[in-house]
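Notes follow the structure.
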Amino acid sequence: MSLLTVTDLKKHFPTYNQKLLRTQGAPVKAVDGLSLSLEPGETLGLVGESGCGKSTAGRTILKLLEPTGGTIEFEGRDVTHARGEELRVLRRQLQMVFQDPYGSLNPRHPIGQIIAAPFEIQKVTPPGGVKKEVQALMERVGLNPEHYNRYPHEFSGGQRQRIGVARAIALKPKLIVCDEPVSALDVSIQAQVINLLEDIQNEQNLAYIFIAHDLSVVRHISDRVMVMYLGKVMEVADRNSLYERPMHPYTQALMSAVPVPEPRRDRERILLYGDLPSPQNPPSGCVFRTRCPLATERCAAEVPLPVELEPGHIVACHYPKVRTVV
Amino acid sequence: MTNTNELEPTPVELLESKGTRVTRGQTSAAPDKFLRIEDLHVHFPTDDGLVKAVDGLTFDLEKGTTLGIVGESGSGKSVTSLAVMGLHRGTRARVSGHIWLDGEDLLQVSDEELRGLRGRKMAMIFQDPLSALHPYYTIGAQLTEAIQVHEKVSKKAAKTTVVDMLGRVGIPNPEKRYDQYPHEFSGGMRQRAMIGMALINNPELLIADEPTTALDVTVQAQILDLMRDLQAEFGSAIIMITHDLGVVAEIANDVLVMYGGRCVEYAEVDDLFHQPDHPYTWGLLSSMPRLDRLKQDRLVPVAGNPPSLINVPPGCAFNPRCAFKEFSPRPCNVDDPALLESYPKHDSRCHIPVPKRAEIFTERVAPKL
């Protein structure tokens, strides 16, 4: 049984007419038909440009946002519309690590209290007491347990991210959504946090949904990778298959744009022109067609359906073709 | 090449017998380089102590070439570029040394002379275009001002130049965009507008401080291409400040790696990536995950945190985080290594003898990259 099964998830945000506040405009379709499944201990990377809906997808899966449509099943139970007490208990299993190590920790609370918050909210007392458990957690993530009474401002960005990780693993959850957990950190510190996340995953058989715009980091940490564009899934495959044999023109363009630390290596670059279209008024047919180098009339008329072209490799494109770009 | 001696040399011997100490001339006569930064120090007095943000930096830059400056936050990259632009003037910063731009020492010229150079002879692109552009004025008005500050031209003539420039930096419908405000532009378009503003007076020196860090990779690729094309067209010298070694590999001719306010390695781009010579550079390379290959199970991070610039560790600033200091013949936490030439046009600041460093890189670092 999968740990998490998401089917046709939709999150639309209503918009209002500027002059007549009561009239609704076209909704922003931030996530529009996302399906995925996740096994225990697996890492799914979620990549795409800003505005593609990857963060909204992560937040909707955790029920921080109410889904507009579709279903979310966690351990075989439909939790799409879980509320109140049911949701609170569910959150023991579902946690999140945020991007901003400055904004996600309350500056007025000592970190001991921050890491203990999950126990307090869930009314759980770990064996040995909260303080002992918090100090064990601090030690686990590489912080000095004696710093229990210090405040967030006394820590560097990398250490703060460790505090966020300690808080997320406090209740031994089964799934953590990591929303750009390392993008605010320096390269040398980034690797420390990535290694920590991997170690904890191996110890606790945790599943991660790892949201990032950095394709190199995602390649390193993920088992499978999902590429999103304008609220839709373009391509999903296991890591090696996606990076070595990408089939969707968007995936190929995205990868070819990443600079690699290898001077004068002749790489083919697929340049995309223009910007992401407005998700309020997405193009007809395939949402990527306005920037796609291969687009034809068919792409404007027909929405390409996701097709499993190779085992586990799903592509939503009318003209999929393997093209190695890295 | 140098440092083959196994005995512990005294500092004086080291300087004399090991050839080139890279100070590159202590002359205060104007050098023939287009840009030459000589022994630049930027210190900020604060309540907690003196912050030595830049502490003795020397480098040259010729026209038509690009220098990449890499380093972590707080390594002094941005402070250096602000010093070149003269933007520490009127603050509490203490700037000393020389910044020669085309024969003129920018630290000696008057504020008025500097204003004449800034925006015309040298220009800067900032990381965050939304806060670098004024929200109350249209893009057109801001670019027009950049021209009219330096030249007496009619508004109409200036507008023609501006519209032309907006088109050149790849903004579609430049005439319509001229009358729009920054908030009506997307992130990539704003960055293009800012590049346009920086280039509008054909500056000979362009400083780009993390110009693509806030952008998506697809847009980053467009901006880097644009900068390359414009350099080919105008022959400007570019200083590209970034933390992304991929960007450096893509755009720079030479690379300067900064740590704790100083240069720890300086090399041509090919050499830096194929024969990096400083433990910190190795650390940066081995801690990055790569798109083009799958590294073995774990990344190799640099231990610890970047140093505080108030209390820079004694000796080599990198020594508390260095994984290879056991190979040093000298106490790294006491003796401060000088920046020495390890290979032709390749300098680094490390006590470990050069052949030993080459061996460590080949045997222990390169296999994990």
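The values are calculated or read from the model by the stated rules, or taken from the named source; none is laboratory data. This is a predicted model, so every value here is computed, not measured. Methodologically, a virtual Cβ is constructed for each residue, glycine included, from the backbone with ideal geometry; neighbour enumeration extends over all protein chains shown.
May I ask you to say which residue of B:Val257, B:Val269, B:Val300 is more than 28 Å from B:Leu50 (Cα to Cα) and modelled with pLDDT of 95 or more? Within the list B:Val257, B:Val269, B:Val300, the selection yields B:Val269.
Rundown of residues vs (1) buried (at least 22 other Cβ atoms within 10 Å of the Cβ); (2) hydrophobic (A, V, I, L, M, F, W, C), yes/no style:
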| position | (1), (2) |
| --- | --- |
| B:Thr212 | yes, no |
| B:Asp225 | no, no |
| B:Asn253 | no, no |
| B:Pro276 | yes, no |
| B:Leu284 | yes, yes |
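Taking residues in the stretch B:313-338 that are within 14 Å of chain A (Cβ to nearest Cβ) and within 19 Å of B:Cys263 (Cβ to Cβ), and partners anywhere that are part of a loop (DSSP other than H, G, I, E, B) and of a type in the set (A, V, I, L, M), the pairs with Cβ atoms closer than 6 Å and at least 6 places apart or on different chains are B:Arg321/B:Val302; B:Arg321/B:Ala303. Name, by its number, the condition in (1) at pLDDT 95 or above; (2) part of a helix (DSSP H, G or I) that does not hold for B:Arg364. Condition (1) is where B:Arg364 drops out.
The helices (runs of 4 or more DSSP H) falling completely within the stretch A:84-163 that include 3 or more residues that are closer than 25 Å to A:Ser55 by Cα map to A:84-90, A:111-122. Here A:Glu297 meets each of (1) under 28 Å from B:Ser287 (Cβ atoms); (2) more than 14 Å from chain B (Cβ to nearest Cβ) with one exception, condition (1). Flag set for A:Thr80, criterion: more than 30 Å from A:Val258 (Cα to Cα), of a type in the set (Ser, Thr, Tyr) and out of contact with any helix residue (DSSP H, G or I) (no Cβ under 8 Å at 6 or more places or on another chain).
In the stretch B:86-94 there is at least one residue that is out of contact with any strand residue (DSSP E or B) (no Cβ under 7 Å at 6 or more places or on another chain) and within 30 Å of B:Gly188 (Cα to Cα). Is it true that B:Val365 is touching a Gly at 6+ places or on another chain (Cβ under 6 Å), under 28 Å from A:Glu198 (Cβ atoms) and within 14 Å of chain A (Cβ to nearest Cβ)? So B:Val365 fails the test.
If you check A:Val124, A:Val134 for being crowded, with 23+ Cβ neighbours inside 10 Å, away from chain B (no Cβ under 14 Å) and more than 24 Å from B:Leu299 (Cα to Cα), only one passes: A:Val134.
Mind counting the residues in the stretch B:194-209 that are within 13 Å of B:Val247 (Cβ to Cβ) and surrounded by fewer than 20 Cβ atoms within 10 Å (Cβ to Cβ)? Steps first, answer last, please.
Pass one, the stretch B:194-209, residues within 13 Å of B:Val247 (Cβ to Cβ): B:208-209.
Imposing the further condition that a residue be surrounded by fewer than 20 Cβ atoms within 10 Å (Cβ to Cβ) reduces the set to none.
Counting residues in the stretch B:194-209 that are within 13 Å of B:Val247 (Cβ to Cβ) and surrounded by fewer than 20 Cβ atoms within 10 Å (Cβ to Cβ) gives 0.
Note on the stretch B:111-219: enclosed helices (runs of 4 or more DSSP H) holding 1 or more residues that are touching a strand residue (DSSP E or B) at 6+ places or on another chain (Cβ under 6 Å) are B:187-199.
Tallying residues that are in contact with a Pro (Cβ under 7 Å, 6 or more places away or on another chain) and over 21 Å from B:His150 (Cα atoms) within the stretch B:95-126 yields 1.
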